[in-house]
1. What full-extension length gain, to one decimal in nm, is calculated for Lys80 and Asn62 as 0.36 nm per residue of separation minus the Cα-Cα distance?
2. Using a Förster radius of 25 Å, what is the FRET efficiency between Val6 and Asp70 based on their Cβ-Cβ separation? Nearest 0.05, please.
3. With r defined as the distance between the Cβ atoms of Gln108 and Ala33 and R0 fixed at 41 Å, what FRET efficiency is calculated, to the nearest 0.05?
4. What does the highest-first list of 4-11, 89-96, 18-25 look like by mean Cβ count within 10 Å?
5. Cα extents of segment 10-131 along the three principal axes, largest first, in whole Å?
6. Using all alpha carbons of segment 30-92, what is the percent of pairwise distances in each 10 Å bin, ordered from the shortest bin to the longest?
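What follows is calculated from the coordinates using simple rules that are stated; it is not laboratory data. Keep in mind it's a predicted model, so treat the numbers as computed, not measured. As a convention, Cβ positions derive from the backbone with ideal geometry for all residues, glycine included, and neighbour counts pool all protein chains shown.
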Amino acid sequence: MKNGAVFPAIIVFKDGEGYLLADGSHRLCRSQAKRCSEILADVRDGTRSDAIKFALAANTTNGLRRTNADKRNCVEIALKELTLSSNRAIAELCAVSDMLVADVRRDQGEGEVQDSGNSTHTGKDGKKYPAKKLAPRAKKAHRNGAAAQVRQVRAGFKK
């Protein structure tokens, strides 16, 4: 910016109430610090959910490589905002493995899908599917984490 380089437009979503920044926060902050009165912006119609989904997928292929903490933070935001989405749908959106999504869900104390009373989740294709029910033994191991599963297997071999 100091040398006059042209950067890509920031991405904002207009949701009827205002504008939601989905990509380009560093460019925006830098232009504000330089007291620029204008910045190139790609304005799209959409909801808050559309802006969040776009933001979660931003920077997966460009910019600095994301750290494991960045990936985990991305998944935590997705789980908070898209509570009925499946692990695979969130993993695809955040460009991470579905195992990471499952680990973060477990660490947050959630089951397969956080849904009160309704046993469905939304797949990455947008369709609703029945949530998997865990067997009582699996539920206990799931609550206690991977270490509990290892102890159960070892106990089984001792018998």
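1. Values: separation 18, 0.36 × 18 = 6.48 nm, distance 2.48 nm.
Going from the current span to full extension adds 4.0 nm.
2. Numbers: r = 27 Å, r/R0 = 1.06.
The formula returns an efficiency of 0.40 here.
3. Numbers: r = 36 Å, r/R0 = 0.87.
Using R0 = 41 Å, I get an efficiency of 0.70.
4. Numbers: 4-11: 11.8, 89-96: 20.2, 18-25: 16.5.
Those peptides, ordered most packed to least, come out 89-96, 18-25, 4-11.
5. 50, 33, 22
6. Binned Cα distances yield the sequence 17, 39, 33, 10, 1.
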